[in-house]
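Participant: Quick one: the structure is below, questions incoming.
The values are calculated or read from the model by the stated rules, or taken from the named source; none is laboratory data. As the structure is a prediction and not an experimental result, all values here were calculated from the model. Here the Cβ positions follow ideal geometry from the backbone for every residue, glycine too, while neighbour counts run over all protein chains shown.
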Amino acid sequence: MSDAHRTRGAGAPEDETRAHHRLDSLSPRRRFDEVECTISHLLRHPHPALKGRRYGEALLQGLAARRIGPGRDGVLEIGGGAGHVAECALRGDAGPFTGVPWISLDLSPRLLRSQRQRLLDAAAAQGAPPRWRGIRADAMDLPVRRFDGLLLANEVIADLPVQGGTNTGAIEVVREIARILAPSAAAVLIEFGGDFPPSPIELVAGAGAGRHVEWSIDFRQLREAARGAGLDVEQVPLHELLEADLSVRCASYTDLWRLRRLARCEVFAAPASEVRRRFPWLSRLLLLELPPLGSPRWPDASAKGGFAQLFHALILRQRAAVSA
């Protein structure tokens with residue numbers, strides 16, 4: 001296992017965002033409700049836009065439909081967040097990924113504890129021990145020699161270093177994937193960005209809690225790095241992978257931020273009809289937009305583009321496996 005406390009390179013200062021996650025002290029609920037509300041967090045409950053599935057179920061089923069399976073080793077998830085995707089594999093309908101061994105790799109001990117508790121609770125409900133374990137380690141120095149299964153990084157690589165307009169941390173992850181990926185395995189990197197240079201987004205909750213910087217991904221750089229490392233590359237819009245119905249109107253993070261100033265509500269992309277039923281007066285008073293899932297204003301009205309425009313899945317496999 002790599003030393004999660006060491007910096008990259010002798011004498012080199014530690015990247016500020018890396019240090020932020022390594023020393024993470026925020027509760028998972030506050031982190032994902034207030035600081036960095038991910039797509040998978042907003043869609044973590046069964047949702048009509050995903051045919052009644054949760055994000056994790058839709059994602060794993062979508063990967064299976066592209067002939068990606070758990071192989072002999074199951075799933076290695078880089079940055080498991082609060083553990084919702086792993087939970088879907090344990091007690092949801094995750095196709096061939098249902099019940100497979102699952103390893104979560106994270107820099108944050110707080111998040112690893114949260115993931116462990118979530119999976120223990122889910123296993124108790126199922127009446128069986130979880131096939132899950134957590135490892136505290138660095139995504140840019142994977143503590144694995146060979147992996148035959150699915151390597152998943154869901155909305156994680158935007159937290160990695162950028163130098164001189166290059167997503168250096170994400171590129172290093174691609175090289176690590178090329179090093180460990182078995183011929184029959186696949187890696188999937190999900191993040192926001194496009195074919196344009198990376199740009200910073202400062203994330204922070206009230207009173208400065210959780211302040212750190214994420215960077216959009218220049219997918220041209222990652223595709224080039226992957227091909228240079230001998231990997232076959234496929235890039236898929238995330239909404240296509242999930243088979244999401246982009247016409248479904250639901251709460252955006254912006255809507256929820258407005259609503260939570262005056263009412264108690266869960267940070268979840270609740271369907272518009274449910275929001276209006278629960279908060280009929282506030283829906284009008286706060287001018288809640290409740291945009292379609294495919295709108296450039298979902299999940300965040302202040303972003304330069306939305307879920308359907310900016311979020312992609314990069315699927316990587318060893319080239320020999322594809323040409324064989």
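Participant: Residues of the range 235-265 being hydroxyl-bearing (S, T, Y) and surrounded by 15 or more Cβ atoms within 10 Å (Cβ to Cβ), which ones?
Facilitator: Answer for the range 235-265, where residues must be hydroxyl-bearing (S, T, Y) and surrounded by 15 or more Cβ atoms within 10 Å (Cβ to Cβ): S252, Y253, T254.
Participant: Within 17 Å of L242 (Cβ to Cβ), of a type outside the set (S, T, Y) and without any contact (Cβ under 8 Å) to a residue 60 or more places away in the chain, is that true of A94?
Facilitator: yes
Participant: Here is a follow-up. Among the residues that make up the range 205-218, is at least one of them over 26 Å from L142 (Cα atoms), free of Cβ contacts under 8 Å to residues at least 24 places away in the same chain and assigned by TED's automatic domain parsing to the domain that holds L142?
Facilitator: Yes, the range 205-218 contains at least one residue that is over 26 Å from L142 (Cα atoms), free of Cβ contacts under 8 Å to residues at least 24 places away in the same chain and assigned by TED's automatic domain parsing to the domain that holds L142.
Participant: Anything in the range 159-188 that is farther than 24 Å from V213 by Cα, part of a loop (DSSP other than H, G, I, E, B) and not polar (S, T, N, Q)? List them, or say none.
Facilitator: A182, P183, A185
Participant: Looking only at residues in the range 142-157 that are within 19 Å of the chain's Cα centre (by Cα) and part of a strand (DSSP E or B), which one is nearest to I180 (Cα to Cα)?
Facilitator: Step by step, filter the range 142-157, then rank; the result is L151.
Participant: Another one. With respect to D24, is the statement that it is surrounded by fewer than 21 Cβ atoms within 10 Å (Cβ to Cβ), out of contact with any strand residue (DSSP E or B) (no Cβ under 6 Å at 6 or more places or on another chain), modelled with pLDDT under 95 and in the same structural domain as F311 (by TED's automatic domain parsing) true?
Facilitator: Spelling it out, D24 is indeed surrounded by fewer than 21 Cβ atoms within 10 Å (Cβ to Cβ), out of contact with any strand residue (DSSP E or B) (no Cβ under 6 Å at 6 or more places or on another chain), modelled with pLDDT under 95 and in the same structural domain as F311 (by TED's automatic domain parsing).
Participant: Collect the residues in the range 237-253 that are of a type in the set (A, V, I, L, M) and under 16 Å from V188 (Cα atoms), keeping them in residue-number order.
Facilitator: Correct list: L238, L241, L242.
Participant: So which helices (runs of 4 or more DSSP H) are wholly in the range 6-79 and hold at least 1 residues that are aromatic (F, W, Y) and in contact (Cβ under 8 Å) with a residue 24 or more places away in the chain?
Facilitator: In the range 6-79, the matching helices (runs of 4 or more DSSP H) lie at 55-65.
Participant: Does P237 satisfy the condition of being at pLDDT 95 or above and within 16 Å of the chain's Cα centre (by Cα)?
Facilitator: Spelling it out, P237 is indeed at pLDDT 95 or above and within 16 Å of the chain's Cα centre (by Cα).
Participant: Name the residue that is surrounded by the most Cβ atoms within 10 Å (Cβ to Cβ), counting only residues in the range 266-324 that are among the β-branched types (V, I, T) and assigned to a helix (DSSP H, G or I).
Facilitator: Across the range 266-324, the extreme among qualifying residues is V275.
Participant: Taking L231 and the conditions (1) closer than 18 Å to D195 by Cα; (2) touching a strand residue (DSSP E or B) at 6+ places or on another chain (Cβ under 7 Å), which numbered condition does it fall short on, given that it satisfies the others?
Facilitator: (1)
Participant: Return the only residue of V267, V275 being free of Cβ contacts under 8 Å to residues at least 60 places away in the same chain, at negative phi, of a type in the set (V, I, T) and not assigned by TED's automatic domain parsing to the domain that holds C37.
Facilitator: When all the criteria are applied, what remains is V275.
Residue-wise test of (1) over 15 Å from the mean Cα position of the chain (by Cα); (2) closer than 22 Å to C37 by Cβ; (3) outside the structural domain of A272 (by TED's automatic domain parsing).
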site: A49; (1), (2), (3): yes, yes, yes
site: R53; (1), (2), (3): yes, yes, yes
site: L60; (1), (2), (3): no, yes, yes
site: R66; (1), (2), (3): yes, no, yes
site: R91; (1), (2), (3): yes, no, yes
site: F97; (1), (2), (3): yes, no, yes
site: R110; (1), (2), (3): yes, yes, yes
